[in-house]
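Have a look at the structure below before the remarks.
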Amino acid sequence: MSTDRQAVTVTPWSPRYTYVPALKVGNMVFLSGTTGTDDHGNITAPGDIVEQTRQIFRKFERLLNEVGGTCNDIVSTTDFYLTEENYHGTAQVRREVFATNFPTSTGVKIAGLLREHALIEISAIAILRDPPK
């Protein structure tokens, strides 16, 4: 397994940040904790945990596409959420994203997130499949 590290971004990324949105190491991709924001850092659906979750997976899809993958390559997620109100609705988003190929998952209810108005933050790990031969 290659240990070359490749930072993965889809929007301009400031060198002041001490992390990257995703990091590809070999055929694994580690997706940083991500909130439901647009390309300018604005929450896309204030007060709507379901749409914020959908936006997070859209962002994951874009990042994974950069390295030849898709959300179907995600094998594990960790959800950090503030409220249980409508949290059950995030399961429908997971059904849309993963169909029947569900990853492992951990849900952690927390008291707060750094991003104002964010109701959920998700991190993930993906394993890219070998390209067809």
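Values in this text are rule-based calculations from the coordinates and carry no lab data. Here the structure is a predicted model, which means the values were calculated and not measured. Here the Cβ positions follow ideal geometry from the backbone for every residue, glycine too, while neighbour counts run over all protein chains shown.
A simple rule links phi to the HN-Hα coupling: the Karplus curve 6.51 cos²θ - 1.76 cosθ + 1.60 with θ = phi - 60°, which for the range 18-23 gives 9, 8, 10, x, 8, 9 Hz, with x for Gly and Pro. Taking Cα atoms only, the orientation of helix 49-66 departs from the longest principal axis of the chain by about 10 degrees.
For the range 1-89, the set of trypsin sites (Lys or Arg not before Pro) satisfying both a DSSP loop assignment and a count of at most 12 other C-beta atoms within 10 Å is given as 16. Taking amide H positions as modeled 1.01 Å from N, with prolines and chain starts lacking one, the residues under 5 Å from residue 34 and 5 or more places away or on another chain are 122, 123. Restriction of the GluC sites (Glu not before Pro) in the range 1-93 to DSSP coil positions whose beta-carbon has at most 13 other beta-carbons within 10 angstrom yields 84, 85. The simple Förster model, with R0 at 25 Å and r as the Cβ-Cβ distance, assigns residue 88 and residue 116 a FRET efficiency of 0.55. Phi angles across the range 89-103 convert, under the Karplus curve 6.51 cos²θ - 1.76 cosθ + 1.60 with θ = phi - 60°, into 3J(HN,Hα) values of x, 5, 5, 5, 4, 4, 5, 5, 6, 9, 6, 10, 9, 6, x Hz, Gly and Pro given as x. Compute the separation of the alpha-carbon centres of the range 55-83 and the range 91-133 and state it in Å as a whole number. The range 55-83 and the range 91-133 have Cα centres spaced 6 Å from each other.
Arranged by the count of other C-beta atoms within 10 angstrom, fewest first, what order do 25, 93 take? Don't jump to the answer; show the numbers that get you there.
On the way: 25 13, 93 18.
In increasing order of surrounding Cβ atoms, one gets 25, 93.
Annotation: amide H of residue 107 within the under-5 Å range of 79, sequence separation 5 or more or interchain, hydrogens built in the peptide plane. Candidates 120, 101, 56 compared by Cα position along the dipole of the chain: farthest toward the positive end lies 101, with charges placed on Cβ.
Applied to the range 8-16, the Karplus parametrisation 6.51 cos²θ - 1.76 cosθ + 1.60 on θ = phi - 60° returns per-residue 3J(HN,Hα) values of 10, 9, 10, 10, x, 10, 6, x, 6 Hz, with x for Gly and Pro. The share of C-alpha pairs in the chain whose separation exceeds 27 Å stands at 17 percent. Relative to the Cα centre, the charge distribution of the chain, modelled as +1 at Lys and Arg Cβ and -1 at Asp and Glu Cβ, gives a dipole magnitude of about 380 debye.
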